[in-house]
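None of the figures in this text is laboratory data; all of them are computed from the coordinates on show. Nothing here was measured: the structure is a model prediction, and the numbers come from that model. Neighbour counts are summed over all protein chains in view; Cβ atoms, including those assigned to glycine, are modelled from backbone coordinates with ideal geometry.
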Amino acid sequence: MGNTSSMLTQYDIEEVQQHCNNAFSQQEIVSLYERFCQLDRNGGGFVSGEEFLSVPEFAVNPLSQRLLTMLDGLNFKEFVAFLSAFSPRATVQQKIEFIFKVYDSDGNGKVTFNDMLDVLHDLTGQFISEHQREQVLTKVLEEAGYTKESLLVMSDFVKAYHA
Amino acid sequence: MNSSEGKLKSSSSELDLDRPNIEDYLPSGSSIQEPHGKLRLRDLLDISPALTEAAGAIVDDSFTRCFKSNPPELWNWNVYLFPLWCCGVVFRALVLTIGWIIFLSCFIPVHFLLKGNDNLRKKMERALVELICSFFVASWTGVVKYHGPRPSMRPKQVFVANHTSMIDFIILEQMTAFAVIMQKHPGWVGLLQSTILESVGCIWFNRSEAKDREIVTRKLREHSQGADNNPLLIFPEGTCVNNQYSVMFKKGAFELGCTVCPIAIKYNKIFVDAFWNSRKQSFTMHLLQLMTSWAVVCDVWYLEPQNLRPGETPIEFAERIRDIISVRAGLKKVPWDGYLKYSRPSPKHRERKQQSFAESVLRGLELEEK
């Protein structure tokens, strides 16, 4: 299944389903495969950054670059696992985990002040100065009981959500 | 995350085979959750709307839908239909060959011998081009129904139509010899363009050249003002779309100071999908596909000519005409520029979203400082 043949066998579907912890039904996996093949124009078995950016709706998203680093080079199985946080069967915990992963760009399980600053920069572009961004973030962190030097982990994110 | 729950529900239904109308789901306004009142950590950390939108775009987006062609369905492979089909293909190839012979044997003498007598030459060349187009249409067993009054030759008017394939031009041309503005193609098509189509007064452009736009606009204006030029036909979408959607119209045709006559073309997919997916096949293969299908069935509507209303901008005018054509031909409108097939969207879409989020963050900051 590493190469894009246009047919998925039952085995393939079940393997993918297992890999994403049953986040999608078999029919949904078939539809996702159709879409994956549609995006993977050169048939390399994975969708490159260029191919994702050719979808204008994706390209105009402020977080597209950040997501591309997570999406680049994924084969179909990993692609479905990536999207599992967006399945209607995904729990709130899974969604928060995904958001954490987006912030934690170096994947060490800790989100730093700079990580949060970077994402805020993506979302606000040139319309706030760097100084104002830092100001806002520091203030909000302090109110929630953290400091600039705090390293946030998953449980901190969960706490912030349910606050 | 309650605000994003509703959106996530739609993404599962998008994965169903019977897709709902995705146009209700297009991103509008801010995709970034705007914090109200006092800013909390959660407001800054919650990027789920932007993520949901990105995931939605990855799973299904309205732009790619415009260019999706259906795979050909082979339902004619049985014992009864197959011989009939073979005869049909042979017959069609014959018709086309005869057509070309007749055309070339008349066109070449007319073109060279009547060099002096321009009026008569133009008239005859026009009639001959209409003739060869009819032969083309016959070679695909084209069943074309024309509705509405035939275009008349008047100055200061242009015709616009939705675009599905280069055969749109042939189908329209067999009824009236239009002068069309086209992308110059390589190969035999380019040869036809520079010889035969020159005679009906076609205008060429090159998509990739930036300066080209001004030159083309000037040529368009000149052509439309001339009284005995053939009526000008423009496909404002700028690219072939799959006849179920319409992409944004380019405003070039709508700022020439002329009456715009809309033409709607709808193909019936019953025998063949006439959409030319230029990424998937060359024009030659496309023609062969048409010639080896049972028929090309389509409807052409000549709609009521429209003028720029007082206070209307060319872009609004273009949208109004797109509305008229889309309603008549049963096309769903999509807010994307067809040229995004070849290029990236401009950063201003993203900047608009960033700006509104930035403003609300700043507002929250001000509230804090009070």
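If we scan segment A:26-47, do we find a residue that is free of Cβ contacts under 8 Å to residues at least 60 places away in the same chain, closer than 22 Å to B:Ser346 by Cα, more than 10 Å from chain B (Cβ to nearest Cβ) and buried (at least 17 other Cβ atoms within 10 Å of the Cβ)? Walk me through it before giving the result.
Pass one, segment A:26-47, residues free of Cβ contacts under 8 Å to residues at least 60 places away in the same chain: A:26-47.
Restricting the remaining residues to those that are closer than 22 Å to B:Ser346 by Cα gives A:39.
Restricting the remaining residues to those that are more than 10 Å from chain B (Cβ to nearest Cβ) gives none.
Within segment A:26-47 (the criterion being free of Cβ contacts under 8 Å to residues at least 60 places away in the same chain, closer than 22 Å to B:Ser346 by Cα, more than 10 Å from chain B (Cβ to nearest Cβ) and buried (at least 17 other Cβ atoms within 10 Å of the Cβ)), the answer is no, since none of the residues qualifies.
Let's see how each residue does on (1) surrounded by fewer than 18 Cβ atoms within 10 Å (Cβ to Cβ); (2) of a type in the set (D, E, K, R):
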{"site": "B:Met285", "(1), (2)": "yes, no"}
{"site": "B:Leu288", "(1), (2)": "yes, no"}
{"site": "B:Glu312", "(1), (2)": "yes, yes"}
{"site": "B:Ala318", "(1), (2)": "no, no"}
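Scan segment A:28-60 for residues that are closer than 14 Å to B:Val59 by Cα and among the polar types (S, T, N, Q) and jot them down. Those that are closer than 14 Å to B:Val59 by Cα and among the polar types (S, T, N, Q): A:Ser31, A:Gln38, A:Ser54.
Scan segment B:323-370 residue by residue and report those that are hydrophobic (A, V, I, L, M, F, W, C), surrounded by 19 or more Cβ atoms within 10 Å (Cβ to Cβ) and in contact (Cβ under 8 Å) with a residue 12 or more places away in the chain. Those that are hydrophobic (A, V, I, L, M, F, W, C), surrounded by 19 or more Cβ atoms within 10 Å (Cβ to Cβ) and in contact (Cβ under 8 Å) with a residue 12 or more places away in the chain: B:Ile325, B:Ala329, B:Leu331, B:Val334, B:Trp336, B:Leu340, B:Phe357, B:Val361.
Which one of these is within 14 Å of another protein chain (Cβ to nearest Cβ), in a strand (DSSP E or B) and either closer than 22 Å to B:Val189 by Cβ or touching a helix residue (DSSP H, G or I) at 6+ places or on another chain (Cβ under 7 Å) (or both): B:Val361, B:Val334, B:Val300, B:Val260?
On the way: B:Val361 fails: in a strand (DSSP E or B); B:Val300 fails: within 14 Å of another protein chain (Cβ to nearest Cβ); B:Val260 fails: within 14 Å of another protein chain (Cβ to nearest Cβ).
Of the residues listed, the single one that is within 14 Å of another protein chain (Cβ to nearest Cβ), in a strand (DSSP E or B) and either closer than 22 Å to B:Val189 by Cβ or touching a helix residue (DSSP H, G or I) at 6+ places or on another chain (Cβ under 7 Å) (or both) is B:Val334.
Of all residue pairs spaced 6 or more apart or on separate chains, those with beta-carbon atoms under 7 Å, a first member in segment A:118-130 that is over 9 Å from B:Gln354 (Cβ atoms) and a second member that is outside any helix (DSSP H, G or I) are A:Val119/B:Ile47.
As for segment B:152-175, it holds no residue that is farther than 25 Å from B:Val297 by Cα, surrounded by 17 or more Cβ atoms within 10 Å (Cβ to Cβ) and of a type in the set (Ser, Thr, Tyr). Considering segment B:79-136, the residues that are closer than 21 Å to B:Glu173 by Cβ and aromatic (Phe, Trp, Tyr) include one that is surrounded by the most Cβ atoms within 10 Å (Cβ to Cβ), namely B:Phe136.
With the structure loaded, tell me whether B:Val137 is within 23 Å of B:Ser282 (Cβ to Cβ), touching a residue at least 12 places away in the same chain (Cβ under 8 Å) and more than 27 Å from the chain's Cα centre (by Cα) or whether it fails that test. It is false that B:Val137 is within 23 Å of B:Ser282 (Cβ to Cβ), touching a residue at least 12 places away in the same chain (Cβ under 8 Å) and more than 27 Å from the chain's Cα centre (by Cα). Only a single criterion out of (1) touching a residue at least 24 places away in the same chain (Cβ under 8 Å); (2) within 14 Å of B:Ser48 (Cα to Cα); (3) within 7 Å of chain B (Cβ to nearest Cβ) is not satisfied by A:Ser64, namely (1).
Kindly establish whether A:Phe79 is within 14 Å of the chain's Cα centre (by Cα), under 29 Å from B:Ser356 (Cβ atoms) and either surrounded by fewer than 16 Cβ atoms within 10 Å (Cβ to Cβ) or aromatic (Phe, Trp, Tyr) (or both).
Values: within 14 Å of the chain's Cα centre (by Cα): yes; under 29 Å from B:Ser356 (Cβ atoms): no; either surrounded by fewer than 16 Cβ atoms within 10 Å (Cβ to Cβ) or aromatic (Phe, Trp, Tyr) (or both): yes.
Answer is no for this residue.
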